[in-house]
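The values are calculated or read from the model by the stated rules, or taken from the named source; none is laboratory data. On a predicted model such as this, the values are computed, not experimentally measured, just so you know. Neighbour counts are summed over all protein chains in view; Cβ atoms, including those assigned to glycine, are modelled from backbone coordinates with ideal geometry.
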Amino acid sequence: MAEPRGTILVVEDDDLQRELISENLRQEGYQVLEARDSREALDRVSQNPVEIAVVDYKLGEESGLELIKELRRRNPLITPIMVTAFASVETAVEAIKQGAYDYVVKPVDFQKFLLTLERARERFRLQREVTELRNRLEEKFSFKNFVFTSRAMEQVVALMSRAARSEATVLLTGETGTGKDLIARLIHFSSSRNSGPFLAVNLPSIPETLVESELFGAEKGAYTDARERKIGKFEAADGGTLFLDEIGDLQPAVQVKLLRFLQDREFYRLGSTRLLRADVRIIAATNRNLEKLVSEEKFRSDLYYRLNVIRIDVPPLRERKEDIPLLVDHFIREYSRREKKNVRGISAEALNVLMNHDFKGNVRELENAIERAVIFAEGEVITRADLPVFLEIKSESELAAVEAESSKPLPDRVRDLEIREIRRALEKSGGVKSRAARMLGITERMLSYKMKIYNL
């Protein structure tokens, strides 16, 4: 027996009409629930997963519009369709205002009605997918997934919490890889704007000539390749949050337009004289010293003050090493689940290597190291041999030794580096070539070849 195509609630006070619609729908493969009035309809919805509600405009002394409004209040995913004998624009507008997806006129043309139902089912599926995606995003970007134990990050989270309760502009500062993007998303999804869009723009990744049109939009013909109207990020983020990453790289001409937006929430598309408004919260981030850029007249002071309302300085990982064990456990769980492996922890020796590393790439570098370790781990515990070789470089003297070789020709430097790393990998793997090759990220055959040409 074929699976039902979906569950439809038919609400009609005329028994003959209700049975006629319901029987036709059952023949099309739908699971149908019936109700004579609002009370019965709400009772059916409370006990069954209804996708579409077909509601008559008049239910005796009751109004089908009021029922639609209540159905949508109880379950916003339900897609209502109004059935009416009064084919007027006013009726249609009123029905749609109360939440109806569409309306059909009596006597019902069943073939057209089926097409309306198919569109309504597609809308239901899309709404459900969007809701599930939003729930996953809210779960992912919730404060409970923000891992820390250090006092420095306690202060960061306190400021994040205040920012989430505010509409003020936020400025995030910190080195690359400290998690500014994650913090911006956490603030958005914890704020009253969480049902609106979150758009992130990495400013250095956009060609200088296109930054203005990317942010503010452009009319057709505004520049050589503008073949149609382009909606900018400010317009697209209306009702939500726009995250401007690396704001310190913003060119002066665009700084002026951003300043105007922050002052008046108004802007013009490129090539247009029509003034537009957008309800957008700005979160900006930078790894540069904006105060220094202001003093050098490379960044507008008035824009800096507009951005610097709620400032959150994110400390580098080397200044909060007590967070490393918790972060390691978090990333092990995450990548073990993704890789479908049973990696449960990390050895004390391997953790010691991580604790002694400076992580100039910050949390992002740590995450990449753990991801790689989980992939190459053969047991339930990550060992020192599973970690990337570069983590063993832990002192300035080692770095200086590497730099001292810089005067050698490039082929000699490559040869010395390969010999050093192969020896290190063989030592860590106890001479087992397969493990050494995995640590180096090459095949065992390639390792054997290099050992032969280097006489190792």
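Computed values, structure above
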quantity	calculated
Residue match in region 249-259 (condition: over 28 Å from the mean Cα position of the chain (by Cα) and of a type in the set (Val, Ile, Thr))	yes
Qualifying residue in region 66-79 (condition: assigned by TED's automatic domain parsing to the domain that holds residue 118, under 37 Å from the mean Cα position of the chain (by Cα), in a strand (DSSP E or B) and at pLDDT 90 or above)	no
Residue satisfying all of: in region 340-370; touching a helix residue (DSSP H, G or I) at 6+ places or on another chain (Cβ under 6 Å) and of a type in the set (D, E, K, R); surrounded by the most Cβ atoms within 10 Å (Cβ to Cβ) among these	367
Selection status of residue 261, within 24 Å of residue 197 (Cα to Cα), of a type outside the set (Asp, Glu) and part of a strand (DSSP E or B)	no
Extreme residue, surrounded by the most Cβ atoms within 10 Å (Cβ to Cβ), among residues of region 383-412 that are in a loop (DSSP other than H, G, I, E, B) and modelled with pLDDT under 65	393
Any pair with Cβ under 7 angstrom, 6 or more apart, that starts in region 352-380 at a residue that is over 20 Å from residue 429 (Cβ atoms) and assigned by TED's automatic domain parsing to the domain that holds residue 327 and ends at one that is small (Gly, Ala, Ser) and part of a loop (DSSP other than H, G, I, E, B)	361/177; 362/177; 363/177; 363/179; 364/177; 365/177
Qualifying residue in region 186-197 (condition: assigned to a strand (DSSP E or B), over 20 Å from residue 251 (Cα atoms) and under 18 Å from the mean Cα position of the chain (by Cα))	no
Pairs with Cβ under 7 Å, 6+ apart, first in region 431-456 and on the phi < 0 side of the Ramachandran plot, second part of a loop (DSSP other than H, G, I, E, B)	435/429; 436/429; 437/443; 439/429
Test: residue in region 102-118 that is part of a loop (DSSP other than H, G, I, E, B) and within 32 Å of the chain's Cα centre (by Cα)	no
